[in-house]
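Each remark here refers to the structure printed beneath this line.
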Amino acid sequence: QNLIRREVGGAGSTQTNWEALTTNRGYSRYDALAAQYRRRMAKGLDALVSYSWSHALDNASSDAFLLWAGSGLTAASDYGSSDFDLRHSASASLDWTLPGVAGGWSLDSILRARSGFPITVLEAEQYAGISFMNAFRPNVVPNVPLWIADAGAAGGRELNPLAFSLAPSGQQGDLGRNAIAGFGMWQLDLAARREFALGERRRLELRIQAFNILNHANFADPARYLDSPYFGQSTSMLNLMLGTGSPGSGLAPMLEDGGPRSVEVVLRFRF
């Protein structure tokens with residue numbers, strides 16, 4: 001409780017003068033369960049499986065975000081899953097030290113999978129020229145599916161624009177914050193490695209790594225602004241849209257999960 005929450009347009013504001021306040025109305029909660037199973041399957045063969053369930057909730061996922069507090073909006077109305085909420089995450093690894101003529105080589109594999117991060121649908125990217133994280137959410141149209149199955153769309157589905165209707169100008173709709181789960185992801189990585197002794201202290205390690213070896217397509221979450229011509233559609237591979245949600249987020253796409261298959265060779269000399 002009492003976390004930083006930046007609000008604009010609240011008490012004391014007028015139509016021509018908005019008050020911006022850094023308040024202590026922020027609130028967050030986190031619950032989680034983690035499990036792990038490890039076993040030596042056979043000589044030189046080790047397996048590890050991990051799973052975690054968690055639920056992060058708050059009414060502001062960063063103290064850098066601007067939140068609209070006018071039109072009767074309260075901090076409680078923004079309480080929901082955190083932007084970084086990751087409900088299910090699992091990984092399985094298998095390490096095998098090869099016997100016989102291939103002795104000295106080891107194979108490492110890891111399969112990672114997770115559910116999607118939540119999405120907040122907004123009517124537009126800006127309100128009165130300012131980007132707010134919570135203004136304004138639309139109304140949900142009853143009995144209309146949120147997703148449309150489309151084999152030709154990235155991820156095989158897209159958000160249904162007919163499932164949302166605009167709320168009256170300057171008012172919050174009944175769609176909850178982060179109420180929709182985005183795309184999940186999974187990929188399999190594989191590596192082969194061997195270490196060569198070069199005397200008592202010196203070692204040369206050769207490692208060949210393949211990321212997303214099955215070249216499984218993972219897509220970024222769909223565009224979330226109703227006024228966008230791309231609303232509901234994913235327009236990028238996942239690795240390009242991590243960080244702040246743009247290719248210029250400061251993260252190197254080649255090194256992030258969710259990209260196309262890539263292979264690298266590493267040669268390391270230890271002394």
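The values are calculated or read from the model by the stated rules, or taken from the named source; none is laboratory data. The structure displayed is predicted, hence computed values, not measured ones. Counting neighbours? That spans all protein chains shown, and the Cβs are built from the backbone with ideal geometry, glycine included. Ligands, DNA and RNA are stripped out before the accessible areas are found, and what is left, the full protein with its side chains, is counted by its heavy atoms. Shrake-Rupley method; radii C 1.70, N 1.55, O 1.52, S 1.80 Å.
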Computed ³J(HN,Hα) along the stretch 78-87: with the Karplus parameters 6.51/-1.76/1.60, θ = phi - 60°, integer Hz and x for glycine or proline, the list is 9, 6, x, 4, 5, 4, 9, 4, 10, 6
So what are the radius of gyration and Dmax for the Cα set of the stretch 45-112, in Å?
-> 22.5, 74
Provide the net charge surrounding Leu94, with neighbours chosen by a C-beta distance below 10 Å and charges set as Lys +1, Arg +1, Asp -1, Glu -1.
-> -3
Across bins of 10 angstrom width beginning at 0, how are the C-alpha pair distances of the stretch 1-102 distributed, in whole percent?
-> 13, 28, 18, 14, 11, 9, 5, 1
Report the extension gain between Arg203 and Trp105 in nm, rounded to one decimal, defined as 0.36 nm multiplied by the number of residues separating them, less their alpha carbon distance.
-> 33.8 nm
Sulfur and carbon atoms: percent of accessible area, the stretch 1-142 [1.4 Å] = 57 percent
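Over all directions, how big on average is the projection of the convex hull of the alpha-carbon atoms in the stretch 42-177, in square nanometres?
The directionally averaged projection comes out at 13.6 nm².
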Longest span of the chain, sites excluded, free of trypsin sites (Lys or Arg not before Pro) in DSSP loop with at most 10 other C-beta atoms within 10 Å?
-> 44-200
Normalise the Cα radius of gyration of the stretch 143-250 by 2.2 N^0.38 Å (N = residues in it) and let me know the number.
-> 1.67
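Please go through the stretch 156-247 and write out the chymotrypsin sites (Phe, Trp or Tyr not before Pro) that DSSP classes as loop and that have at most 13 other C-beta atoms within 10 Å. All intermediate terms of the calculation are to be shown ahead of the outcome.
Values: sites: Phe164, Phe183, Trp186, Phe196, Phe211, Phe219, Tyr225, Tyr230, Phe231; in loops: Phe183, Tyr230.
When the chymotrypsin sites (Phe, Trp or Tyr not before Pro) of the stretch 156-247 are filtered for loop state and at most 13 Cβ neighbours within 10 Å, Tyr230 remain.
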Per residue of the stretch 256-271, in order, report the coupling 6.51 cos²θ - 1.76 cosθ + 1.60 (Karplus, θ = phi - 60°) as ³J(HN,Hα) in whole Hz, putting x for Gly and Pro.
-> 9, 5, x, x, x, 4, 9, 10, 9, 10, 10, 10, 10, 10, 10, 8
Tell me, how many Å apart are the Cα centres for the stretch 141-214 and for the stretch 1-45?
-> 21 Å
Pair-distance profile P(r), taking every C-alpha pair of the chain, with 5 angstrom steps and integer % | 1, 5, 10, 12, 14, 14, 11, 9, 7, 6, 5, 3, 2, 1, 0, 0
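With the other protein chains left in place, how much accessible area per residue, in square angstrom, belongs to the chain at a 1.4 angstrom probe?
Details: 15740 Å² over 271 residues.
With all protein chains present, the chain gives 58 Å² per residue.
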Rank Ser82, Ser71, Ser93 by mean-square fluctuation in a GNM of the chain with C-alpha springs under 10 angstrom and give only the top-ranked residue.
-> Ser71
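What does the charge add up to near Arg224, with Lys and Arg as +1, Asp and Glu as -1, over the other residues with Cβ less than 15 Å from its Cβ? Let's see the in-between values first.
Details: positive: Arg137, Arg157, Arg177; negative: Asp83, Glu123, Glu125, Glu158, Asp221, Asp227.
Net of charged neighbours comes to -3.
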Starting from the exponent 0.38 and prefactor 2.2 Å, build the expected Rg for the stretch 183-223 from its residue count and divide its actual Cα Rg by it.
-> 1.94
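Just tell me the longest site-free run in the chain, where the sites are GluC sites (Glu not before Pro) in a DSSP loop having at most 14 other beta-carbon atoms within 10 Å. Show your work: numbers first, answer last.
Values: sites that count: Glu19, Glu125, Glu200.
Counting at most 14 other Cβ atoms within 10 Å as exposed, the longest clean stretch of the chain is 20-124.
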